[in-house]
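Q: First, the structure itself, so that you have it in front of you.
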Amino acid sequence: MSDDEPDPELLELLRKSLGLGAKDPSAPPDTKVLQHAEFIYNNSIDVALDMRSTKRAAIAVWEAMQQQSYSTKTWSKHELHPKSKDESTVNFIFTMDLLNFSFWSERSQEERFAVDYKGKKWTGYWSLVAALQRALDEEIQITTPSFWANEEECTEEVLRNVFRSATDEEIPLFSERVACLREAGQIIEEEFDNSVITLVEDAKSSAAGLVNILADRFPCFRDEHIFEKRKVRILKRAQIFVADLWAAFEGEGYGEFNDMDKITIFADYRIPQILHSLGCLIYCPPLESRIRRLDPLESGHSWEIQLRGCSIWSVELLRREILREHPEAKINASLIDFFLYDLMKEKERDGDEEIPHHRTRSIWY
Ligand SMILES: Nc1nc2c(c(CN[C@H]3C=C[C@H](O)[C@@H]3O)cn2[C@@H]2O[C@H](COP(=O)(O)O)[C@@H](O)[C@H]2O)c(=O)[nH]1
């Protein structure tokens, strides 16, 4: 949306005040995330995209995904991800993506928050998945929404035990995670018959519809910010919830959506990092040195919104580049995103991080 385009929210307001009625209700749902990402990109002066690198990256990413036959099947191959294609996996994924944020630590690799499970110490995103699997093994109903809302049974002590650490650092934002569980438990109890399945089915197989339900009804999923005086929707956890469902169920059953192309990448702290490593994202010197110094970047800061919005737009251009070269490609932003995240984690394991990820502490990612 360029500067001279009218603000869609304003148009909606005008439409209503002139009694022109709301937009056509039969219009397919849209999350507005991609449109807002383009607006952020068009108004970013501290983060830029490099088109030559994007073209090069598109070829490299496509070839690597082909070589690895990277598909939705890859999701369930991860050791800790649930394998059953049933309601328990829907509940697991909802719980996981309700809490899928902010695992980075200022401690060393040995001292950072870690979860002991199946003889390994899991950190980062995998520490969350391990903690949930461990709790289920210990007969704690950590993936049941009615449990989260029941403060007598699901006490803070029970939750501290669920997220107990193998080191003396606790899980980051513990109290915010408890608040997310309580809020979501209550909303699912009151508005969705105590069932995540009801929530998923209310979207009628629309990925964008499900994202909008989460953003509209759950404040803890409403990842929206102000940029250049406009509201911009990024909705990272709402979107990764849909994509995780889609991948876990391989596009069928509870993972069947007729508009997966409406989902963008999930703007976290790993995708900007890998895009910068690929040369697709370029930072202004003050921002780059802030990141390299590991100095915090507060949530909502213009630089942070530019990083997240330009990452979404960068992968949209990369996706279009892949389709230009391979019109037959069965590819979407979700699959590219999963691949880029796994690629970044591989580079981290190999000690090959070209730049640190940015340090923003928030519940949004
Ligand atoms: N954009 C994007 N962000 C992702 C993931 C995942 C894991 N998805 C799995 C499922 C399928 C894939 O194959 C992955 O194996 C976690 N995150 C985010 O990263 C951060 C954690 O980073 P670290 O502390 O280093 O583990 C945190 O914000 C978390 O929300 C992803 O896929 N895409």
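The values are calculated or read from the model by the stated rules, or taken from the named source; none is laboratory data. The shown structure was predicted, so the numbers you read here are calculated from the model rather than taken from an experiment. Cβ placement follows ideal geometry from the backbone for every residue including glycine, while neighbour counts extend to all protein chains displayed. Quick note on the areas: whole protein, heavy atoms, side chains included, nothing else; ligands and nucleic acids left out. Shrake-Rupley method; radii C 1.70, N 1.55, O 1.52, S 1.80 Å.
Q: Inside region 208-224, can you point out the residues that are touching a residue at least 40 places away in the same chain (Cβ under 8 Å) and farther than 22 Å from Ser175 by Cα?
A: Scanning region 208-224 gives Ala208, Gly209, Leu210, Val211, Asn212.
Q: Something else now. Restricting attention to helices (runs of 4 or more DSSP H) lying wholly within region 84-160, give those where 2 or more residues are within 14 Å of the ligand (Cβ to nearest atom) and surrounded by 14 or more Cβ atoms within 10 Å (Cβ to Cβ).
A: Qualifying helices (runs of 4 or more DSSP H): 87-98, 125-137.
Q: Moving on. So which residues in region 316-357 are crowded, with 20+ Cβ neighbours inside 10 Å and among the charged types (D, E, K, R), if there are any at all?
A: Within region 316-357, Arg319, Asp337 meet the criteria.
Q: When you go through (1) of a type in the set (Val, Ile, Thr); (2) part of a helix (DSSP H, G or I); (3) more than 10 Å from the ligand (Cβ to nearest atom); (4) open to solvent by 10 Å² or more (accessible area, probe 1.4 Å) one by one for Val242, which number turns out not to apply?
A: Unmet condition: (4).
Q: While we're looking at this one, here's another question. Can you tell me which residue is farthest from Tyr254 (Cα to Cα) among those in region 66-83 that are open to solvent by less than 50 Å² (accessible area, probe 1.4 Å) and part of a helix (DSSP H, G or I)?
A: Across region 66-83, the extreme among qualifying residues is Thr74.
Q: When only residues in region 211-235 that are open to solvent by less than 10 Å² (accessible area, probe 1.4 Å) and under 14 Å from the mean Cα position of the chain (by Cα) count, which is nearest to Tyr41 (Cα to Cα)?
A: Start the filter on region 211-235 by keeping residues that are open to solvent by less than 10 Å² (accessible area, probe 1.4 Å), which leaves 211, 214-215, 218, 220-221, 223, 227, 232, 234-235.
With under 14 Å from the mean Cα position of the chain (by Cα) added as a condition, the list becomes 211, 214-215, 220-221, 223, 234-235.
Numbers: Val211: 22, Leu214: 25, Ala215: 22, Cys220: 25, Phe221: 23, Asp223: 18, Ile234: 13, Leu235: 17 Å.
Among them, the one singled out is Ile234.
Q: Given the conditions (1) surrounded by fewer than 16 Cβ atoms within 10 Å (Cβ to Cβ); (2) farther than 30 Å from Lys204 by Cβ; (3) modelled with pLDDT of 70 or more, which single one is not true for Asp3?
A: Among (1) surrounded by fewer than 16 Cβ atoms within 10 Å (Cβ to Cβ); (2) farther than 30 Å from Lys204 by Cβ; (3) modelled with pLDDT of 70 or more, Asp3 violates only (3).
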